[in-house]
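Read the structure below first, then the notes.
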Amino acid sequence: MFQKFVKSSKSFGTTSMESRGGGTLSVIGPDVRIVGNILTQGEIQVDGQIEGDITCSTLVVGEGARISGEVTAEAIKVHGELTGKVNTTSISIARSARVVGDLTHETIEIEAGAHLEGHCMRRGVPPKTPAELPKPEDKAEPAKLPEPEKAPAAVAAPTSNNNNNNNNNNNNGSGGKPGEQRKPGVPVHTPSR
């Protein structure tokens, strides 16, 4: 995780080292419990317990670590327990992690098996106001399609059945086959004799 450390000074369960980026890395050991806020421009690795807010450039929460408070950092890697509001550019939650709280982030990575409970909000996307959210009682009605227009009834075109009608004089004036009734409004074609 960390390449080469140039400096190291240890006192009361915490260690400060120069990190690979040239900044300071502060390590809070597993036997340390801090009640209060921590503010640094460098990196912090927590293996102990912190009850308070943390502001740093990079935060690594070790497997045995427990943090309770608001955390603000550019990058966060969680392997332990983190409870509270989180504001970060990038967060990575390992399968051994337990995160409870609302996250504001640009990128998020969650391993299978990790525990995350809370809201995830992406930076740059304004949250919706309650007026913009759909109400549970507002149910969309299905779209109503217009009734299909009824096609006009088919009108028989006048036909010239000279061959049929010349041989059969029983056409009942319908101009069609024998026994057919004439439809109202349809012109009658009578063959000329």
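Quick rundown of the values:
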quantity: Close pairs from the range 68-83: first at positive phi and modelled with pLDDT of 95 or more, partner open to solvent by 60 Å² or more (accessible area, probe 1.4 Å) and not in a strand (DSSP E or B), Cβ under 9 Å, at least 6 apart; calculated: G69/N37; G69/D53; G69/K85
quantity: Subset of the range 68-122 [farther than 17 Å from D47 by Cβ and out of contact with any strand residue (DSSP E or B) (no Cβ under 8 Å at 6 or more places or on another chain)]; calculated: R95, A112, G113
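The values are calculated or read from the model by the stated rules, or taken from the named source; none is laboratory data. Small disclaimer: the values here were computed from a predicted structure and weren't measured. Note that we place each Cβ from the backbone using ideal geometry, even for glycine, and neighbour counts take in every protein chain shown. These area figures cover heavy atoms from the full protein model, side chains too; ligands, DNA and RNA do not enter into them. Shrake-Rupley method; radii C 1.70, N 1.55, O 1.52, S 1.80 Å.
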